[in-house]
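So the structure is just underneath, and the comments pick up after that.
The values are calculated or read from the model by the stated rules, or taken from the named source; none is laboratory data. Keep in mind it's a predicted model, so treat the numbers as computed, not measured. Cβ placement follows ideal geometry from the backbone for every residue including glycine, while neighbour counts extend to all protein chains displayed. Quick note on the areas: whole protein, heavy atoms, side chains included, nothing else; ligands and nucleic acids left out. Shrake-Rupley method; radii C 1.70, N 1.55, O 1.52, S 1.80 Å.
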Amino acid sequence: MIVVKCEGHSFEREIGLILALFEEEPEIRFVTEYIPTNGETYIQLTLQPGEKGVHTLGIIEKGETRFTYDYDRLYLAFDEKSMRKTAKQAISYTLLMLMEQLTGVEQGWGILTGIRPTKLLHQFLSSGMTKEEAHRRLRTDYMVRPYKLELLQKIVDLQLAVVPDFYSIDQELSVYIGIPFCPTKCAYCTFPAYAIKSHTASVNPFLEGLHYEIEQVGAWLKKHDQRITSIYFGGGTPTSITADDMDRLFASIHESFPHMDNVRELTVEAGRPDTITPEKLAVMKKWNVDRISINPQSFTQETLHAIGRHHTVEETIEKYHLAMEMGLRNINMDLIIGLPNEGLAEFTHSLEEVGKLMPASLTVHTLSFKRASEMTQNKERYRVADRDEIRAMMELAEKWTREQGYQPYYLYRQKNILGNLENVGYSMPGQESIYNIMIMEEVQSILGLGCGAVSKLMQPGSGKLTRWPNPKDPKTYNETYRELVKAKLEDMDAIYGGQVAQS
Ligand code: SF4
């Protein structure tokens, strides 16, 4: 139990976020008066007006141990919103410093609890700050440690090299197409993914709706003479549908979307090796798919079984070679750190196996306990590595990828991620996924079509995003797609407000 007394503020949410960096689901009791009790951690956070800013005083006590921390922070602007933001950050900062002293655990990301640290660095740089100024802000205001700053800068530099028009890419948009079927449902999965065998009756009506959505949205794009940066087929596992159905979908996007010759990248998630066939690979080759994913997650068979992935390790390797032989050579692989019963030994084995294949890119995820997943709901059934081992695996991934010549090119954090670490996309030079950069950095509209697809619509030049979710389940999508497409196009008209036609 952690007992917290706030004076001069009520930033309880921020306090909860910082404490969660140190302890999974911390139990917090906010009090106005405190009587010391053995075994409890007591924190007192006081906020006072300071000279041109705020002054905070923090005290932390546990048993005989006691630390204090004093902090002065200037306002960057004197409007109410900025002053409140400064006060919140000062409280978070003070609490972080106290908790680091008490636990001896250093938080590399400082008080940044959001999921896109790179986005903040891009914002600073695009506002005209030099790298040094931006780093100073991240260090002094957010307590981001130098090794994370170095990682951020490396990623940002690479993104700017891959997408040279990064800061004006909002003149274009990207398209995500969600196919909500998979062979079986993995235990950690919260994506809209329905076991295809028990949903066969939904497949054709879903595809009918998707063709309709592609045609209607394509007509809107043509009318606005809109260029497309990248197209991504995800889900679910898009290769769960038949080769003929895939062929018809590609034909539909080529017919409906404008400027297909200018699309910089077309990706298909073929994540589950058990969905890949020579016929489907031939269809993807025919339509010039640039990039596919074949995801091992782990190279330990027992783990695949435990997480409900009904394919073998050998199948992953075999399908990888088949895709390479058929000319689909830009292949991404995903690995997950912290799968049930996996520690450093199993993860080392997975990396060694990846090393034999050397895919164009490798994404290393850290397992996140999302509320809706089977794993989270039955946590007691799954044994996962502790914080230190997770950290050791992440460090190994960093070292191993560096030694093999991979470079980190995107990064994101999730809530409830084990060890407060991050997911990192590594790639060989020149094999980075443009779509992944677009979706992570939120610098242009992403139009989401199909099941579970969430559009993020951005009026060029505004930086403001409006989320527009499609239904997650095929049944609702199949029943509502006509009204849904109509409403979405009306909203796109309103958001774009005619600007696209002029761009
Ligand atoms: S393959 Fe991917 S989308 Fe399908 S159930 Fe597994 S994690 Fe979810």
Which condition breaks for Pro146 when tested against (1) in contact with a His (Cβ under 9 Å, 6 or more places away or on another chain); (2) of a type outside the set (Val, Ile, Thr); (3) open to solvent by 50 Å² or more (accessible area, probe 1.4 Å); (4) assigned by TED's automatic domain parsing to the domain that holds Phe22?
-> (4)
In this structure, does Gly327 turn out to be away from the ligand (no atom under 16 Å from the Cβ), part of a loop (DSSP other than H, G, I, E, B), at pLDDT 95 or above and open to solvent by 10 Å² or more (accessible area, probe 1.4 Å)?
-> yes
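Can you name every residue in region 170-194 that is farther than 30 Å from Gln459 by Cα, more than 8 Å from the ligand (Cβ to nearest atom) and either surrounded by 21 or more Cβ atoms within 10 Å (Cβ to Cβ) or modelled with pLDDT of 90 or more (or both)?
Phe181, Tyr194
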Selection over region 299-319 where residues are within 16 Å of the ligand (Cβ to nearest atom) and in a helix (DSSP H, G or I) yields a count of 8
Candidate set from region 222-239 (those that are of a type in the set (Ser, Thr, Tyr) and within 16 Å of the ligand (Cβ to nearest atom)); member that is nearest to Val175 (Cα to Cα) = Tyr232
For region 464-485 the number of residues that are in contact (Cβ under 8 Å) with a residue 40 or more places away in the chain, open to solvent by 50 Å² or more (accessible area, probe 1.4 Å) and under 26 Å from Ile169 (Cα atoms) is 0
Listed residues Glu374, Glu352; which is among the charged types (D, E, K, R) and at pLDDT below 85?
-> Glu374
Somewhere in region 211-221, is a residue in contact with an Asp or Glu (Cβ under 7 Å, 6 or more places away or on another chain) and away from the ligand (no atom under 16 Å from the Cβ)?
-> no
Determine which single condition Leu160 fails, assuming it passes every other condition in (1) touching a residue at least 12 places away in the same chain (Cβ under 8 Å); (2) surrounded by 15 or more Cβ atoms within 10 Å (Cβ to Cβ).
-> (1)
May I ask you to verify whether Glu23 is open to solvent by 30 Å² or more (accessible area, probe 1.4 Å) and closer than 21 Å to Arg84 by Cα?
-> no
Restricting attention to region 258-279, and to residues there that are over 16 Å from Met326 (Cα atoms) and among the acidic types (Asp, Glu), which single residue is farthest from the ligand (Cβ to nearest atom)?
-> Asp261
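Is it the case that region 302-324 has a residue that's closer than 30 Å to Leu173 by Cβ and out of contact with any Leu (no Cβ under 7 Å at 6 or more places or on another chain)? Let's see the steps before the verdict.
First, pick out the residues of region 302-324 that are closer than 30 Å to Leu173 by Cβ: 323.
Filter once more, keeping what is out of contact with any Leu (no Cβ under 7 Å at 6 or more places or on another chain): none.
Among the residues of region 302-324, not one is closer than 30 Å to Leu173 by Cβ and out of contact with any Leu (no Cβ under 7 Å at 6 or more places or on another chain), which makes the answer no.
Go over the candidates Ile317, Ile276, Ile253 one by one and state the one that is within 18 Å of Val354 (Cβ to Cβ) and assigned by TED's automatic domain parsing to the domain that holds Ile231.
None of the others qualify; the one that does is Ile276.
Condition check ((1) free of Cβ contacts under 8 Å to residues at least 60 places away in the same chain; (2) more than 36 Å from the chain's Cα centre (by Cα)) across all residues:
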residue: His9; (1), (2): no, no
residue: Ile15; (1), (2): no, no
residue: Glu25; (1), (2): yes, no
residue: Val31; (1), (2): yes, no
residue: Ile35; (1), (2): yes, yes
residue: Gln48; (1), (2): yes, yes
residue: Glu51; (1), (2): yes, yes
residue: Gly58; (1), (2): yes, no
residue: Tyr69; (1), (2): yes, no
Candidate set from region 288-317 (those that are closer than 17 Å to Leu249 by Cα and without any contact (Cβ under 8 Å) to a residue 40 or more places away in the chain); member that is surrounded by the fewest Cβ atoms within 10 Å (Cβ to Cβ) | Asn288
Say whether the condition of being within 17 Å of Tyr410 (Cβ to Cβ) and either basic (Lys, Arg) or not in a helix (DSSP H, G or I) (or both) is met by at least one residue in region 127-146.
-> no
Residues within region 438-463 that are open to solvent by 40 Å² or more (accessible area, probe 1.4 Å) and over 20 Å from Leu120 (Cα atoms), tallied = 1
Do the conditions hold for Gly108, that is, is it assigned to a loop (DSSP other than H, G, I, E, B) and without any contact (Cβ under 8 Å) to a residue 40 or more places away in the chain?
-> no
Kindly list the number of the only condition in (1) open to solvent by 30 Å² or more (accessible area, probe 1.4 Å); (2) part of a loop (DSSP other than H, G, I, E, B) that fails for Glu61.
-> (2)
Among residues of region 200-210 being crowded, with 17+ Cβ neighbours inside 10 Å and more than 26 Å from the chain's Cα centre (by Cα), the residue farthest from the ligand (Cβ to nearest atom) is Gly209
